[in-house]
Structure formats: C-alpha cells, structure tokens
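Presented below is the structure to which this report refers.
The values are calculated or read from the model by the stated rules, or taken from the named source; none is laboratory data. Not measured: the values here are computed from a predicted model. Cβ placement follows ideal geometry from the backbone for every residue including glycine, while neighbour counts extend to all protein chains displayed.
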Amino acid sequence: MNKMVIVWILNLVLFNIKLYTESTEFYRLPYEQPIVRVNSYTSQINSKNCTFQITYPILESTGSELSETIKAKINKYLKKVFFEARSFNNDVACNSKFRKADLAYYMEVDFFITYNKGNYLSLIYNATGYPAGAKEPSITKRGITFNLKDGYTILFDDLFSKKTGYKMNIETIIIDSLLQKEFITVESNFDKYRKKSYDYALFDTDLGIILESKNEKEIFLKIPYSSILKILNNELFLN
C-alpha cells in the first residue's frame, strides 16, 4: 500500500470521527405536502431499425401555488430531456440507411419520483436499451431536481454552502461509503470518484448519488442528511 493511500485513509478516519460524532441526530427535509401532482404520458416512436417507448412526467398543479408559466417551463424541459434518450446509449445508432439485415434496437425510458414536497421535485430518469443479440441491456440513470419557485433545475453544487469546503467533505463521504459497501477497495483508483459534480436525487432523509449506471453495473449511494448538515445550503433546506 503506497503512502498516498495511507494518508487518504488516515484523513478519512479522522474526518468521519469528527463528522459523525458532531452530526448524529436524525434529519428529514422540513416539508410535508406537495404543491404539484405528477402524471405520466407514454409515447412509442419507431425510427428505422429502432423502437423507443418513452414514459415521461407531466406536472399538474394542485392549487394556485405553482404558476402555469413555471409548470409549462418544467414540462417542456422534461419532455425534451426524456426524448433526447434516442441519441445516446445506442450502439446501433438507428441507422438512417436501414436495411433488413441491420440489428434491431429497443429502448424503454421511464422514471420514478424520489421527492415531491414543498418547493422541490426530484426524480430519477431511467433509460434501458436492448440491442438485438446483446447479453445485457445498456442502462443510463439520471437525477433531475427542480426548484418549483422558479422552475429551474438545482445543480449539485447548489445543495451546499460555498463557505464550508464541501467538495472535499463530499468526496470523503462518498469514498468512505464505497469502501464500506465494498464497491471499491483501498487499492482502487479513488480519482474515478472525485468529480466536479455528481448526479443526484433528493429523498426524505437521504441524498441519493448516482455514480455509475452503465450496463449491468450500478453504484447508487444514499447519504443521510444528518451526516452532511453542516455543509448543506441553509437557504435551500434548513429554513
């Protein structure tokens, strides 16, 4: 084991002792009721040698709290994102010069809501492609979170206070979780999991982070809010 790994592990242990001993209380996001209802619509598209079945979310307001303008803005964004599935995870590429000998390709796109309370809506988008003859499907997951006050998506960096040095804290928590769940070992290349931003979704008591979702391999972590309270953006979640 090289010196860099040893130093990292020591930092990991010291950080966790400080973090988890100071933040042991259970924490749930402080919202109770949704202000939006989410329905779905399914569309099937046949394009040359490809078939897409796309189920995408449609927002319907439950009262006057969500303006029609914001609702329309979010619905337009979601439909665009879901239909863009046709352009990725597809080795067949939906041959524009389709011949009968070309392999068929089938993709299903759907979603599930992870959080829908107060001014926040969070979901995970799932695209599963089935190339003819392949042993395993190709899978892509993506988290999308909206602030219903303005209709904009909330970026991963927006979740945290910029004054806390949160990037190193989050990296440490993620790598610690991966080690504990045995997704990686101390000999693994940790740099693979140090990213400028992470794909995520909100849950009641946890922050869900999607690290890998290609083919049959999936790494999805749930980090309790109670362990990251000191670095969360108070303006978003603690008021």
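Miscellaneous remarks
- In the set Asp206, Asp176, only one residue is touching a strand residue (DSSP E or B) at 6+ places or on another chain (Cβ under 8 Å) and crowded, with 18+ Cβ neighbours inside 10 Å; that residue is Asp206.
- Of all residues in the range 89-113, those being modelled with pLDDT of 85 or more and surrounded by fewer than 19 Cβ atoms within 10 Å (Cβ to Cβ) number 5.
- You will find that of Ser197, Ser188, Ser177, Ser226, the residue that is touching a Ser or Thr at 6+ places or on another chain (Cβ under 8 Å) and either modelled with pLDDT of 90 or more or not in a strand (DSSP E or B) (or both) is Ser226 and no other.
- When the test is whether a residue is in the same structural domain as Ser43 (by TED's automatic domain parsing), part of a loop (DSSP other than H, G, I, E, B) and at negative phi, Glu108 does not pass it.
- Restricting the first member to the range 175-187 and to residues that are under 11 Å from Ile219 (Cα atoms) and assigned by TED's automatic domain parsing to the domain that holds Ile209, and the second to residues that are part of a helix (DSSP H, G or I) and modelled with pLDDT of 80 or more, the beta-carbon pairs closer than 6 Å and six or more apart or on different chains are Ile184/Leu178.
- Residues that are part of a helix (DSSP H, G or I) and touching a residue at least 60 places away in the same chain (Cβ under 8 Å) occur at least once in the range 146-160.
- Restricting the range 117-137 to residues that are over 17 Å from the mean Cα position of the chain (by Cα) and in a strand (DSSP E or B), the residue that is surrounded by the fewest Cβ atoms within 10 Å (Cβ to Cβ) is Tyr130.
- Any chance Gly151 is in contact with a helix residue (DSSP H, G or I) (Cβ under 6 Å, 6 or more places away or on another chain) and closer than 26 Å to Ser67 by Cα: yes
- Set Ile35, Ile45: member being more than 27 Å from Leu202 (Cα to Cα), surrounded by 11 or more Cβ atoms within 10 Å (Cβ to Cβ) and either among the hydrophobic types (A, V, I, L, M, F, W, C) or at pLDDT 90 or above (or both): Ile45
- Each residue in the range 183-198 was checked for being among the aliphatic types (A, V, I, L, M) and crowded, with 16+ Cβ neighbours inside 10 Å, and 1 pass.
- Of all residues in the range 53-78, those that are surrounded by 13 or more Cβ atoms within 10 Å (Cβ to Cβ) and either of a type in the set (D, E, K, R) or modelled with pLDDT of 90 or more (or both) total 15.
Okay, residues lined up against (1) under 21 Å from Ile124 (Cβ atoms); (2) among the β-branched types (Val, Ile, Thr):
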residue: Glu32; (1), (2): no, no
residue: Arg37; (1), (2): yes, no
residue: Asn46; (1), (2): no, no
residue: Asn49; (1), (2): no, no
residue: Leu59; (1), (2): yes, no
residue: Ile70; (1), (2): no, yes
residue: Asn75; (1), (2): yes, no
residue: Arg86; (1), (2): yes, no
